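J.: For reference, the structure I am asking about is given below.
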Amino acid sequence: MSSPTHASLAWIDEELSSLDRQGLRRQLRCRGGAQSARLLLDGRELINFASNDYLGLASDPRLAAAAAAAATREGWGSGASPLITGYAETHRRLERHLAEFEGTESAVLFSSGFAANAGTIAALVGRGDLVLTDCKNHASLLDGCRLSRADVRSYAHGDWQQLGRLLSRPGTHRRRLIVTDSLFSMDGDLAPLAELVELADRHGAMLMVDEAHATGVFGPQGRGLAEHLGLEGRIPIRVGTLSKAVGSLGGFVAGSRSLVEWLINRARPYVFSTAMPAPLAAAALAAVEIIRDEPHRREGLLTRAAELRRLLAAEGWNLGRSASQIIPLVVGQPDRAVRLSQALRDRGLLVPAIRPPTVPEGEACLRISLTYGHTAEMLQRLIEALRGGCDKLARVE
Ligand SMILES: Cc1ncc(COP(=O)(O)O)c(C=O)c1O
């Protein structure tokens with residue numbers, strides 16, 4: 001049964017038509033079966049270069065078994081926010097495990113990485129404070145900045161020198177917070193963490209790093225870019241997500257005991273939202289153990305990513321500053337990205353086009369997301385499809 005748009009919402013249809021005209025309207029597509037390197041989308045089998053399941057854990061039976069056991073033990077729903085009665089044994093075990101994994105005093109779970117970021121920023125700064133944010137930070141960090149009501153200054157992507165100038169300006173702010181992604185989700189490049197740590201120390205600012213795409217992938221133990229660079233002890237606020245390489249759902253903040261106590265008391269998405277179901281926490285717990293015990297997953301992934309970047313660059317593709325498993329093919333205009341994505345899809349390869357506003361105007365790209373499940377043969381198919389004429393489509397004016 002169709003329900004006509006209420007007159008007060010007529011503007012929505014106009015806005016949607018405008019998105020259509022600009023080629024910017026997004027459509028949901030329905031996956032059949034599990035998330036993996038090969039997937040069924042709208043009934044068609046495709047090689048999947050469009051997931052954040054970097055270590056291939058989302059459909060690992062060990063996670064499903066852990067979740068099922070927790071559901072039997074603790075039920076499915078958690079029924080209340082953590083401070084009321086939603087916090088269960090499995091949450092506590094996972095938090096302790098995450099703190100141990102991250103080498104911090106404490107850790108706290110949120111129901112998503114988005115909630116962790118937005119809630120943490122707004123709990124740390126408010127009116128009269130200053131937050132400094134990389135202009136390419138994830139939407140959850142940007143929304144946290146807005147929610148906080150602190151003054152917000154955005155610095156050019158990765159431009160720590162500009163950040164230094166902003167920090168040097170005299171001001172009357174009570175507290176200052178620098179926030180950055182460690183591995184940028186659209187460009188696949190890395191934040192200059194060593195420089196940010198120095199600046200934060202020199203200027204007495206707090207530093208918060210979101211490791212969403214690096215957790216499980218970077219660092220000898222898979223703890224992220226901070227571990228990879230030996231900077232963990234110098235970053236007091238570390239955020240991770242359980243929704244990407246960890247293969248489950250949720251977010252966490254790792255840091256000192258007092259930081260975690262403060263967030264439990266003051267982060268609004270923590271205080272005013274139902275706790276994540278215990279089975280999700282149980283699956284994440286199983287995944288963190290796999291990440292610790294199976295380093296070949298992250299090592300294999302990063303080796304293959306470096307090889308793919310080398311081959312694509314040799315074919316003349318513009319990969320921006322990618323240095324990770326996220327590899328953009330920058331083609332400029334949105335319609336080119338869409339045509340190229342469609343041509344690849346016709347050849348059985350799913351590589352999404354990323355367009356404004358997700359990326360700035362003129363930086364539309366195809367975003368290749370590599371995972372542990374991709375075989376050498378799958379990568380070969382991608383390279384050949386790009387070489388075999390799809391690339392011309394991308395370059396046609
Ligand atoms: C850099 C970054 N941080 C945080 C998030 C949010 O994490 P979650 O998906 O767990 O909400 C994302 C999600 O795409 C992300 O890319």
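J.: For the pair A71/Q342, report the inter-label distance in nm, with labels modelled 7 Å from Cα in the Cβ direction.
T.: 4.0
J.: Give the long-range amide H neighbours of Y155: residues separated by 5 or more places, or on another chain, with amide H under 5 Å away, using H modelled in the peptide plane at 1.01 Å from N.
T.: So Y155 has HN proximity to T133, D134, C135.
J.: Further question on the same structure: Roughly speaking, what is the stretch gain from A156 to F272, that is 0.36 nm per residue apart minus the C-alpha to C-alpha distance, in nm to one decimal? Mind showing how you got there, number by number?
T.: Values: separation 116, 0.36 × 116 = 41.76 nm, distance 3.40 nm.
This chain segment gains 38.4 nm when fully extended.
J.: Starting from the Cα-Cα distance between C30 and A313, subtract it from 0.36 nm times their residue separation and give me the gain in nm to one decimal. Walk me through the numbers on the way to the answer.
T.: Details: separation 283, 0.36 × 283 = 101.88 nm, distance 3.25 nm.
This chain segment gains 98.6 nm when fully extended.
J.: In addition: Apply 1/(1 + (r/R0)^6) to the Cβ-Cβ distance of E195 and A10, taking R0 = 56 Å, and write down the FRET efficiency to the nearest 0.05. Can you show the working numbers first?
T.: Details: r = 50 Å, r/R0 = 0.90.
Efficiency at R0 = 56 Å is approximately 0.65.
J.: Taking +1 at the Cβ of each Lys and Arg and -1 at the Cβ of each Asp and Glu, which of G222, L124, L142 sits farthest along the dipole of the range 123-267 towards its positive end, judged by Cα position relative to the Cα centre?
T.: Result: L124.
J.: Find which of L259, Q325, A65 sits farthest along the positive direction of the dipole of the chain, computed with +1 on the beta-carbon of Lys and Arg, -1 on that of Asp and Glu, about the Cα centre.
T.: Positive-end residue among those listed: L259.
J.: Please list 3J(HN,Hα) in residue order for the range 157-163, calculated via the Karplus relation 6.51 cos²θ - 1.76 cosθ + 1.60 where θ = phi - 60°; whole Hz, with x for glycine and proline.
T.: 3, x, 8, 5, 5, 5, 4
J.: Between rounded, prolate and oblate, where does the range 114-184 land on the alpha carbon gyration tensor, with a ≥ b ≥ c its root eigenvalues, rounded for a/c under 1.5, else prolate if a/b exceeds b/c? Could you put the intermediate results ahead of the total?
T.: Numbers: a/c = 2.37, a/b = 1.08, b/c = 2.19.
Taking the square roots of the gyration eigenvalues as a ≥ b ≥ c, the range 114-184 is oblate.
J.: Shifting gears a bit: So, counting K/R as plus one and D/E as minus one, what does the shell of residues with Cβ under 13 Å around A275 add up to? The partial results should precede the final answer.
T.: On the way: positive: R92; negative: E74, E89, E95.
That works out to -2.
J.: Sticking with this one: Which listed residue (A287, A194, L24) has the Cα farthest towards the positive end of the charge dipole for the chain, taking +1 on Lys and Arg C-beta and -1 on Asp and Glu C-beta about the Cα centre?
T.: Toward the positive end, the furthest listed residue is L24.
J.: Turning to a different aspect of this structure: Indicate, rounded to the nearest 5 percent, the antiparallel portion of the DSSP beta bridges found entirely in the chain. Intermediate values should be presented prior to the final figure.
T.: Numbers: 24 of 43 bridges.
Close to 55 percent.
J.: Grab the Cα-Cα distance for H203 and A139, subtract it from 0.36 nm times how many residues apart they are, and report the gain in nm with one decimal.
T.: 20.4 nm
J.: Starting from the Cα gyration tensor of the chain, take the square roots of the eigenvalues, sort them a ≥ b ≥ c, and report rounded, prolate or oblate (rounded when a/c is under 1.5, otherwise prolate if a/b is larger than b/c, else oblate). Please report the intermediate quantities before stating the final value.
T.: Numbers: a/c = 1.36, a/b = 1.22, b/c = 1.11.
The shape class here is rounded.
J.: Charges at C-beta only: +1 for Lys and Arg, -1 for Asp and Glu. How large is the resulting dipole of the range 187-340 about its Cα centre, in Debye rounded to 20?
T.: Working: 17 positive and 17 negative charges, 52 e Å.
Result for the range 187-340 is approximately 240 debye, rounded to the nearest 20.
J.: Restricting to DSSP loop positions (anything but H, G, I, E, B) with no more than 15 other Cβ atoms inside 10 Å of their own Cβ, which trypsin sites (Lys or Arg not before Pro) remain in the range 101-193? Before the final figure, lay out the partial values.
T.: Working: sites: R127, K136, R146, R149, R153, R165, R174, R175, R176; in loops: R127, K136, R149, R174, R175.
Filter output for the range 101-193: R127, R149, R174, R175.
J.: Could you tell me the distance between the Cα centroids of the range 320-352 and the range 166-207, to the nearest Å?
T.: 31
J.: Moving on to the next point. Quote the charge dipole size of the range 70-148 about the Cα centre in Debye, to the nearest 20; the model charges only the Cβ of Lys and Arg (+1) and of Asp and Glu (-1). Write out the running numbers ahead of the final one.
T.: Details: 7 positive and 9 negative charges, 37 e Å.
Here the range 70-148 has a charge dipole of around 180 debye.
J.: To the nearest 20 Debye, how big is the dipole of the chain about its Cα centre, given +1 on the beta carbon of each Lys and Arg and -1 on that of each Asp and Glu?
T.: Values: 47 positive and 44 negative charges, 70 e Å.
Roughly 340 debye for the chain.
J.: Same structure again: Among the GluC sites (Glu not before Pro) in the range 270-330, which ones are in a DSSP loop with at most 13 other Cβ atoms within 10 Å of the Cβ? Mind listing them? Provide the component values of the computation, followed by the final result.
T.: Details: sites: E289, E299, E307, E315; in loops: E315.
For GluC sites (Glu not before Pro) across the range 270-330 that sit outside H, G, I, E and B with at most 13 neighbouring Cβ atoms in 10 Å, the list reads E315.
J.: Indicate the gyration tensor shape class of the range 265-366 (rounded, prolate or oblate), computed on the Cα atoms with a ≥ b ≥ c the square roots of the eigenvalues: a/c under 1.5 is rounded; otherwise a/b larger than b/c is prolate and the rest oblate.
T.: Cα axes put the range 265-366 in the oblate bin.
J.: Apply the Karplus parameterisation 6.51 cos²θ - 1.76 cosθ + 1.60, with θ equal to phi minus 60°, to every residue of the range 250-260 and state each ³J(HN,Hα) to the nearest whole Hz, in sequence, with x for glycine and proline.
T.: These are the phi-based 3J(HN,Hα) values: x, x, 8, 10, 10, x, 6, 4, 6, 4, 5 Hz.
J.: Would you list I178, I121 from fewest to most Cβ contacts within 10 Å?
T.: With the sparsest Cβ surroundings first, the list reads I178, I121.
Rule-based calculations on the coordinates, nothing more; no lab input. Values in this document were obtained by computation on a predicted structure and should not be read as measured data. Here Cβ is always computed from backbone atoms with ideal geometry, including for glycine, and neighbour counts include all displayed protein chains.
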